[in-house]
């Protein structure tokens, strides 16, 4: 792996399924053994791994079941059972634990001491990047539409009642590895359509707190929910403040005093990740029809992106031949 990039390769479906099962088994709770009702035939780990496998390759439930016939030797859930689990039993906290486990594994692979070229790469970096020795975090949101009926907005533009496609609001807290020019997920949260950015930002900073470094975000995150969390964290915010009035909160005052345009210009890096995510979705929308499952699927899309980064860092399996 070079110091300015990472090896790009296409992982096989079998390799992806193995990593999905490994990660799911580390965070999934044990299978419940109740005395009433129908007993569980498959574990939570298997369901979670198959849902992540489905999001990785952007498959329908039927296509997922057809793909598993060649990949798994033992029994596996049907597409009806997989869809029922995603609708009624999939816990968002389980997805958060899966993303946290994946981000810690990525952090271990991308640690400076694990790269012999780390010091040389930092010496060749530009001046404004060489000063950024602490980690650099970027926070942004996007909307992922799903297949549902249109919804009415609460506000009007004149006399027009506007209709928009239903969507899930995904917030991604990304960490940027400057030596390798690599962006990978540190945390995330999903809300309903048109969810306020400050509220989502406060939730993700409480659930996935960055211990140190810089935090980049646009003016949409200039709210009391975000500043209340940043006041307790040891991270330096680089957030553009909204106009009007004087900054009074201590965190906002520190953000205005430590403003650096050379650092703030990197906030657009996350937009490229969102663009690639929507391009891989084909039509730019999720296949789900219900708001709850669409929000879970949007979170799985972020985890699948982190899994792609992890697979690109791991050595290829024996017998792998590059196609380029």
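The values are calculated or read from the model by the stated rules, or taken from the named source; none is laboratory data. What you see is a predicted model, and the numbers here were worked out from it, not measured in a lab. Using ideal geometry, Cβ is built from the backbone for each residue, glycine included, and neighbour counts are taken over all protein chains shown.
Every condition in (1) part of a strand (DSSP E or B); (2) touching a strand residue (DSSP E or B) at 6+ places or on another chain (Cβ under 6 Å); (3) modelled with pLDDT of 85 or more is met by residue 140 except one, and the failing one is (2).
To keep it simple, each residue is scored yes or no on (1) crowded, with 18+ Cβ neighbours inside 10 Å; (2) under 21 Å from residue 135 (Cα atoms).
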| site | (1), (2) |
| --- | --- |
| 226 | yes, yes |
| 235 | yes, yes |
| 248 | no, no |
| 267 | no, yes |
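Among the residues of the range 277-285, none qualifies, meaning not one is closer than 27 Å to residue 177 by Cα, part of a helix (DSSP H, G or I), modelled with pLDDT of 70 or more and touching a strand residue (DSSP E or B) at 6+ places or on another chain (Cβ under 6 Å). Checking each residue in the range 95-113 for being crowded, with 18+ Cβ neighbours inside 10 Å and under 16 Å from residue 47 (Cβ atoms) picks out 95, 98.
Residues in the range 59-77: is at least one in contact (Cβ under 8 Å) with a residue 60 or more places away in the chain and either surrounded by fewer than 19 Cβ atoms within 10 Å (Cβ to Cβ) or not in a loop (DSSP other than H, G, I, E, B) (or both)? Let's see the steps before the verdict.
Going residue by residue through the range 59-77, those that are in contact (Cβ under 8 Å) with a residue 60 or more places away in the chain are 60.
From the residues that got through so far, the ones that are either surrounded by fewer than 19 Cβ atoms within 10 Å (Cβ to Cβ) or not in a loop (DSSP other than H, G, I, E, B) (or both) too are 60.
Yes, the range 59-77 has at least one match.
Inside the range 163-222, residues that are out of contact with any strand residue (DSSP E or B) (no Cβ under 8 Å at 6 or more places or on another chain), within 23 Å of residue 307 (Cβ to Cβ) and surrounded by 19 or more Cβ atoms within 10 Å (Cβ to Cβ) make up a count of 2. The number of residues in the range 13-52 that are loosely packed, with under 14 Cβ neighbours inside 10 Å and within 20 Å of residue 313 (Cβ to Cβ) comes to 3. The residue of the range 80-93 that is nearest to the chain's Cα centre (by Cα), among those that are crowded, with 18+ Cβ neighbours inside 10 Å and part of a helix (DSSP H, G or I), is 86.
Every residue, every condition in (1) within 23 Å of residue 294 (Cα to Cα); (2) over 20 Å from the mean Cα position of the chain (by Cα), yes or no:
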site	(1), (2)
23	yes, no
28	yes, no
50	yes, no
54	yes, no
57	yes, no
66	yes, yes
71	no, yes
